[in-house]
1. Give the residues of segment 48-82 that are β-branched (Val, Ile, Thr) and farther than 28 Å from residue 3 by Cα, sorted by residue number.
2. Return a yes/no flag: does segment 38-57 have any residue that is out of contact with any Phe, Trp or Tyr (no Cβ under 9 Å at 6 or more places or on another chain) and farther than 21 Å from residue 103 by Cβ.
3. Please find, among 42, 92, the residue that is in contact with a Ser or Thr (Cβ under 8 Å, 6 or more places away or on another chain), at pLDDT below 90, within 23 Å of residue 158 (Cα to Cα) and assigned to a strand (DSSP E or B).
4. If residue 100 meets every condition in (1) farther than 18 Å from residue 57 by Cα; (2) modelled with pLDDT of 90 or more apart from one, which number is that one?
5. For residues in segment 134-183 being at pLDDT 85 or above and of a type in the set (A, V, I, L, M, F, W, C), which is nearest to residue 94 (Cα to Cα)?
6. Among (1) at pLDDT 90 or above; (2) within 32 Å of the chain's Cα centre (by Cα), there is one condition residue 60 misses while meeting the rest; what is its number?
7. In the set 50, 88, which member is on the phi > 0 side of the Ramachandran plot and acidic (Asp, Glu)?
8. Find the residue count for segment 48-74, including only residues that are surrounded by fewer than 18 Cβ atoms within 10 Å (Cβ to Cβ) and assigned to a strand (DSSP E or B).
Amino acid sequence: DTDGHAHLSFNASSKLWYAYQDAGGGWHFEKVNTSDAVGSAYGTTSLALDADGNPYIAHLSYPGTGSYKMIVSYKAGSAWQSIVVENDVSGYPNLAIDSQGFPHVVYMGKKYGDYPEYKWNLRYAHQDETGWHYETLDVTNIVMARPDIVLDSQDRPFVSYADYNFLAVVSKTAPPDEEIPTLPNAPGSDSPLITPINGATVNTSRPLFDWNDGEDNVGVVSYTLVITSDIVQALMPAPATVYQLITTESDYTPAWDLPNGDYTWTVRAYDAAGNASPWVTPQQFVVNFLNRVFLPLVMRAP
(Lines give C-alpha, C1' and ligand atoms only; values in the text may rest on other atoms or scores of the structure.)
Protein backbone atom coordinates (compact mmCIF):
# COMPACT_ATOMS: atom_id res chain seq x y z
CA ASP A 1 0.00 0.00 0.00
CA THR A 2 1.03 3.67 0.07
CA ASP A 3 2.69 3.13 3.45
CA GLY A 4 4.77 0.20 2.20
CA HIS A 5 2.78 -2.52 4.01
CA ALA A 6 2.12 -5.85 2.30
CA HIS A 7 -1.37 -7.19 1.53
CA LEU A 8 -2.06 -10.79 0.46
CA SER A 9 -4.98 -12.97 -0.62
CA PHE A 10 -4.96 -16.77 -0.76
CA ASN A 11 -7.05 -19.91 -0.46
CA ALA A 12 -6.74 -22.31 2.44
CA SER A 13 -9.09 -25.21 3.19
CA SER A 14 -11.47 -23.98 0.48
CA LYS A 15 -11.81 -20.61 2.18
CA LEU A 16 -10.64 -17.23 0.97
CA TRP A 17 -8.26 -15.36 3.25
CA TYR A 18 -6.99 -11.79 3.32
CA ALA A 19 -3.80 -10.88 5.18
CA TYR A 20 -2.19 -7.50 5.76
CA GLN A 21 0.80 -6.13 7.59
CA ASP A 22 0.50 -3.35 10.15
CA ALA A 23 2.89 -0.50 10.92
CA GLY A 24 4.76 -2.62 13.46
CA GLY A 25 5.36 -5.43 10.98
CA GLY A 26 2.74 -7.75 12.47
CA TRP A 27 0.37 -9.76 10.30
CA HIS A 28 -3.42 -9.84 10.53
CA PHE A 29 -5.64 -12.48 8.90
CA GLU A 30 -9.32 -12.33 7.93
CA LYS A 31 -11.52 -15.07 6.54
CA VAL A 32 -13.26 -13.28 3.68
CA ASN A 33 -15.98 -15.53 2.39
CA THR A 34 -17.94 -17.93 4.54
CA SER A 35 -21.30 -17.52 2.83
CA ASP A 36 -22.87 -20.73 1.53
CA ALA A 37 -24.57 -18.63 -1.15
CA VAL A 38 -21.20 -17.95 -2.75
CA GLY A 39 -19.60 -21.29 -2.01
CA SER A 40 -16.07 -22.52 -1.40
CA ALA A 41 -13.11 -20.50 -2.61
CA TYR A 42 -11.02 -22.23 -5.25
CA GLY A 43 -7.89 -21.68 -7.33
CA THR A 44 -5.75 -18.60 -7.70
CA THR A 45 -6.70 -15.16 -6.40
CA SER A 46 -5.85 -11.60 -7.38
CA LEU A 47 -5.72 -8.67 -4.96
CA ALA A 48 -5.83 -4.90 -5.64
CA LEU A 49 -6.31 -1.86 -3.44
CA ASP A 50 -8.40 1.15 -4.38
CA ALA A 51 -7.21 4.74 -3.89
CA ASP A 52 -8.38 4.64 -0.25
CA GLY A 53 -6.54 1.39 0.48
CA ASN A 54 -9.66 -0.81 0.51
CA PRO A 55 -8.94 -4.38 -0.67
CA TYR A 56 -10.64 -6.06 -3.63
CA ILE A 57 -10.07 -9.74 -4.38
CA ALA A 58 -10.99 -11.61 -7.57
CA HIS A 59 -11.36 -15.37 -7.06
CA LEU A 60 -13.30 -18.45 -8.04
CA SER A 61 -15.93 -20.13 -5.93
CA TYR A 62 -17.56 -23.51 -6.25
CA PRO A 63 -21.10 -23.80 -4.88
CA GLY A 64 -20.83 -27.60 -4.55
CA THR A 65 -22.58 -28.48 -7.79
CA GLY A 66 -22.54 -27.08 -11.29
CA SER A 67 -19.92 -24.68 -12.57
CA TYR A 68 -17.38 -22.33 -11.04
CA LYS A 69 -18.26 -18.68 -10.45
CA MET A 70 -16.09 -15.62 -10.89
CA ILE A 71 -16.34 -13.53 -7.72
CA VAL A 72 -15.10 -10.10 -6.68
CA SER A 73 -15.03 -9.69 -2.89
CA TYR A 74 -14.33 -6.31 -1.35
CA LYS A 75 -14.20 -4.78 2.09
CA ALA A 76 -16.76 -2.05 2.79
CA GLY A 77 -16.04 -0.59 6.20
CA SER A 78 -15.54 -3.50 8.55
CA ALA A 79 -17.59 -6.00 6.52
CA TRP A 80 -16.78 -8.03 3.42
CA GLN A 81 -19.15 -8.23 0.47
CA SER A 82 -19.02 -10.50 -2.56
CA ILE A 83 -20.35 -10.02 -6.09
CA VAL A 84 -20.88 -12.84 -8.58
CA VAL A 85 -19.35 -11.43 -11.75
CA GLU A 86 -20.08 -14.39 -14.06
CA ASN A 87 -21.09 -18.04 -13.86
CA ASP A 88 -19.57 -21.01 -15.67
CA VAL A 89 -15.95 -19.85 -15.84
CA SER A 90 -12.59 -21.59 -15.50
CA GLY A 91 -10.28 -19.36 -13.50
CA TYR A 92 -6.97 -17.55 -13.31
CA PRO A 93 -8.46 -14.12 -12.52
CA ASN A 94 -6.45 -10.94 -12.49
CA LEU A 95 -7.79 -7.70 -11.08
CA ALA A 96 -7.21 -3.94 -11.37
CA ILE A 97 -9.05 -0.99 -9.82
CA ASP A 98 -9.60 2.17 -11.88
CA SER A 99 -9.34 5.79 -10.75
CA GLN A 100 -13.07 5.84 -9.94
CA GLY A 101 -12.79 2.80 -7.67
CA PHE A 102 -14.40 0.30 -10.07
CA PRO A 103 -12.96 -3.21 -10.57
CA HIS A 104 -11.73 -4.60 -13.91
CA VAL A 105 -11.19 -8.37 -14.16
CA VAL A 106 -9.73 -10.68 -16.80
CA TYR A 107 -10.08 -14.46 -16.54
CA MET A 108 -10.44 -17.68 -18.48
CA GLY A 109 -14.03 -18.23 -19.49
CA LYS A 110 -15.97 -21.40 -20.16
CA LYS A 111 -13.92 -24.50 -20.96
CA TYR A 112 -14.58 -26.44 -24.15
CA GLY A 113 -12.85 -29.14 -26.15
CA ASP A 114 -11.53 -32.52 -25.02
CA TYR A 115 -8.52 -33.52 -22.92
CA PRO A 116 -5.65 -32.88 -23.44
CA GLU A 117 -6.58 -29.97 -25.70
CA TYR A 118 -8.87 -28.02 -23.44
CA LYS A 119 -9.54 -24.50 -24.65
CA TRP A 120 -10.84 -21.33 -23.00
CA ASN A 121 -12.06 -17.94 -24.15
CA LEU A 122 -10.39 -14.90 -22.63
CA ARG A 123 -12.99 -12.84 -20.76
CA TYR A 124 -12.89 -9.23 -19.57
CA ALA A 125 -15.45 -7.74 -17.18
CA HIS A 126 -15.59 -4.28 -15.67
CA GLN A 127 -17.98 -2.35 -13.50
CA ASP A 128 -19.14 1.26 -13.83
CA GLU A 129 -22.03 3.39 -12.57
CA THR A 130 -24.51 1.40 -14.66
CA GLY A 131 -23.39 -2.11 -13.66
CA TRP A 132 -21.17 -4.86 -15.09
CA HIS A 133 -20.07 -5.12 -18.72
CA TYR A 134 -18.52 -8.15 -20.44
CA GLU A 135 -16.35 -8.80 -23.47
CA THR A 136 -14.68 -11.84 -25.01
CA LEU A 137 -11.20 -10.65 -25.95
CA ASP A 138 -9.98 -13.77 -27.76
CA VAL A 139 -11.63 -16.96 -29.00
CA THR A 140 -8.62 -18.49 -30.77
CA ASN A 141 -8.04 -21.64 -28.75
CA ILE A 142 -6.46 -20.16 -25.66
CA VAL A 143 -4.81 -22.78 -23.46
CA MET A 144 -3.87 -22.03 -19.82
CA ALA A 145 -4.07 -18.34 -20.55
CA ARG A 146 -3.16 -16.98 -17.10
CA PRO A 147 -4.02 -13.40 -18.14
CA ASP A 148 -2.80 -10.20 -16.51
CA ILE A 149 -4.31 -6.71 -16.62
CA VAL A 150 -3.09 -3.17 -16.00
CA LEU A 151 -4.88 0.16 -16.54
CA ASP A 152 -3.22 3.21 -18.03
CA SER A 153 -3.64 6.79 -16.82
CA GLN A 154 -6.96 7.02 -18.67
CA ASP A 155 -8.24 3.72 -17.17
CA ARG A 156 -7.87 1.86 -20.47
CA PRO A 157 -7.11 -1.85 -19.94
CA PHE A 158 -4.04 -3.61 -21.30
CA VAL A 159 -4.19 -7.40 -21.06
CA SER A 160 -1.41 -9.95 -21.57
CA TYR A 161 -1.99 -13.69 -21.94
CA ALA A 162 -0.51 -16.82 -23.50
CA ASP A 163 -2.10 -18.95 -26.21
CA TYR A 164 -0.78 -21.94 -28.15
CA ASN A 165 1.83 -19.98 -30.03
CA PHE A 166 2.85 -16.77 -28.30
CA LEU A 167 2.44 -14.21 -25.59
CA ALA A 168 -0.09 -11.65 -26.75
CA VAL A 169 -1.11 -8.23 -25.50
CA VAL A 170 -4.46 -6.63 -26.24
CA SER A 171 -5.57 -3.14 -25.31
CA LYS A 172 -8.88 -1.34 -25.36
CA THR A 173 -8.68 1.87 -27.32
CA ALA A 174 -10.47 4.90 -26.01
CA PRO A 175 -13.44 6.29 -27.96
CA PRO A 176 -12.46 9.11 -30.33
CA ASP A 177 -11.98 12.45 -28.62
CA GLU A 178 -14.59 14.76 -30.11
CA GLU A 179 -14.69 17.37 -27.36
CA ILE A 180 -13.35 20.72 -28.52
CA PRO A 181 -11.05 22.83 -26.31
CA THR A 182 -12.20 26.11 -24.84
CA LEU A 183 -10.43 29.38 -24.13
CA PRO A 184 -11.99 30.82 -20.95
CA ASN A 185 -11.94 34.53 -20.27
CA ALA A 186 -9.05 35.85 -18.28
CA PRO A 187 -9.86 36.77 -14.65
CA GLY A 188 -11.68 40.10 -14.51
CA SER A 189 -11.98 40.28 -18.30
CA ASP A 190 -14.58 39.51 -20.97
CA SER A 191 -11.92 38.01 -23.26
CA PRO A 192 -9.25 35.28 -23.09
CA LEU A 193 -6.81 37.79 -24.63
CA ILE A 194 -4.74 39.43 -21.89
CA THR A 195 -2.29 41.69 -23.66
CA PRO A 196 -2.24 43.76 -25.80
CA ILE A 197 -5.71 44.72 -24.52
CA ASN A 198 -8.33 45.95 -26.94
CA GLY A 199 -7.59 49.52 -28.06
CA ALA A 200 -4.14 49.60 -26.50
CA THR A 201 -1.20 51.56 -27.89
CA VAL A 202 2.13 49.83 -27.36
CA ASN A 203 5.46 51.62 -27.55
CA THR A 204 7.50 48.59 -28.55
CA SER A 205 7.92 46.99 -31.94
CA ARG A 206 7.95 43.53 -30.34
CA PRO A 207 4.96 43.44 -27.98
CA LEU A 208 4.19 40.45 -25.80
CA PHE A 209 1.07 38.54 -26.88
CA ASP A 210 -0.42 36.83 -23.83
CA TRP A 211 -3.70 34.92 -23.47
CA ASN A 212 -5.45 32.73 -20.94
CA ASP A 213 -4.64 28.99 -20.88
CA GLY A 214 -7.00 26.77 -22.83
CA GLU A 215 -8.98 23.93 -21.27
CA ASP A 216 -9.79 20.49 -22.64
CA ASN A 217 -11.00 17.09 -21.38
CA VAL A 218 -7.66 15.53 -22.38
CA GLY A 219 -5.43 18.56 -22.64
CA VAL A 220 -4.52 21.48 -24.89
CA VAL A 221 -1.33 20.83 -26.89
CA SER A 222 -0.95 23.96 -29.05
CA TYR A 223 -2.30 27.35 -30.02
CA THR A 224 -2.51 29.25 -33.30
CA LEU A 225 -1.84 32.99 -33.06
CA VAL A 226 -2.90 35.26 -35.93
CA ILE A 227 -1.71 38.89 -36.23
CA THR A 228 -3.35 40.99 -38.92
CA SER A 229 -2.62 44.46 -40.34
CA ASP A 230 -3.17 46.45 -43.51
CA ILE A 231 0.53 47.24 -43.50
CA VAL A 232 2.76 45.28 -45.86
CA GLN A 233 5.09 44.02 -43.18
CA ALA A 234 8.34 43.79 -45.07
CA LEU A 235 10.29 43.08 -41.92
CA MET A 236 8.32 39.93 -41.15
CA PRO A 237 9.75 36.52 -42.14
CA ALA A 238 7.89 37.08 -45.42
CA PRO A 239 6.04 40.22 -46.59
CA ALA A 240 2.40 39.78 -45.56
CA THR A 241 -0.65 41.44 -44.04
CA VAL A 242 -1.52 38.34 -41.98
CA TYR A 243 0.95 36.38 -39.91
CA GLN A 244 0.00 33.01 -38.39
CA LEU A 245 2.12 30.83 -36.12
CA ILE A 246 1.70 27.77 -33.91
CA THR A 247 3.03 27.68 -30.36
CA THR A 248 2.73 25.32 -27.40
CA GLU A 249 2.76 28.20 -24.90
CA SER A 250 0.01 30.70 -24.08
CA ASP A 251 2.22 33.69 -24.83
CA TYR A 252 4.47 34.81 -27.63
CA THR A 253 6.94 37.61 -28.37
CA PRO A 254 7.67 38.23 -32.07
CA ALA A 255 11.19 37.62 -33.29
CA TRP A 256 10.86 40.53 -35.72
CA ASP A 257 9.86 44.21 -35.48
CA LEU A 258 6.26 45.19 -36.14
CA PRO A 259 6.11 48.47 -38.09
CA ASN A 260 4.07 51.29 -36.60
CA GLY A 261 0.41 50.93 -37.42
CA ASP A 262 -2.94 49.32 -36.56
CA TYR A 263 -3.23 45.60 -35.83
CA THR A 264 -5.71 42.95 -34.73
CA TRP A 265 -4.90 39.63 -33.10
CA THR A 266 -6.69 36.42 -32.14
CA VAL A 267 -5.91 32.84 -31.05
CA ARG A 268 -7.47 29.39 -31.00
CA ALA A 269 -6.53 26.21 -29.04
CA TYR A 270 -6.00 22.63 -30.25
CA ASP A 271 -5.97 19.28 -28.48
CA ALA A 272 -4.01 16.16 -29.49
CA ALA A 273 -6.92 14.83 -31.55
CA GLY A 274 -6.90 17.97 -33.70
CA ASN A 275 -10.09 19.45 -32.24
CA ALA A 276 -9.95 23.25 -32.32
CA SER A 277 -11.65 25.87 -30.22
CA PRO A 278 -13.50 28.72 -31.94
CA TRP A 279 -11.39 31.73 -32.82
CA VAL A 280 -11.39 34.32 -30.04
CA THR A 281 -13.06 37.62 -30.94
CA PRO A 282 -10.13 39.69 -32.31
CA GLN A 283 -8.74 42.63 -30.35
CA GLN A 284 -7.19 45.75 -31.85
CA PHE A 285 -4.01 47.53 -30.86
CA VAL A 286 -1.64 50.15 -32.24
CA VAL A 287 2.14 49.98 -32.47
CA ASN A 288 3.62 53.45 -32.02
CA PHE A 289 7.32 52.97 -31.55
CA LEU A 290 9.63 55.96 -31.90
CA ASN A 291 12.85 55.04 -33.60
CA ARG A 292 15.46 57.50 -32.41
CA VAL A 293 18.26 58.23 -34.84
CA PHE A 294 21.41 59.71 -33.34
CA LEU A 295 23.45 61.84 -35.75
CA PRO A 296 27.11 62.51 -35.17
CA LEU A 297 28.00 65.85 -33.65
CA VAL A 298 30.44 67.84 -35.78
CA MET A 299 32.23 70.72 -34.17
CA ARG A 300 33.43 73.58 -36.42
CA ALA A 301 35.84 76.31 -35.52
CA PRO A 302 34.42 79.87 -35.60
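The values are calculated or read from the model by the stated rules, or taken from the named source; none is laboratory data. Keep in mind that what you see is a predicted model, and the values were worked out from it rather than measured. So basically every Cβ, Gly included, is an ideal-geometry build from the backbone, and we count neighbours across all protein chains shown.
1. 65, the sole residue that qualifies.
2. There is no residue in segment 38-57 that is out of contact with any Phe, Trp or Tyr (no Cβ under 9 Å at 6 or more places or on another chain) and farther than 21 Å from residue 103 by Cβ.
3. Sole residue among the options that is in contact with a Ser or Thr (Cβ under 8 Å, 6 or more places away or on another chain), at pLDDT below 90, within 23 Å of residue 158 (Cα to Cα) and assigned to a strand (DSSP E or B): 92.
4. Result: residue 100 passes all but (1).
5. 149
6. (1)
7. 88
8. Applying the first criterion (surrounded by fewer than 18 Cβ atoms within 10 Å (Cβ to Cβ)) to segment 48-74 yields 49-54, 62-67.
Cutting the leftovers down to assigned to a strand (DSSP E or B) gives us 49, 62.
Total meeting the criteria: 2.
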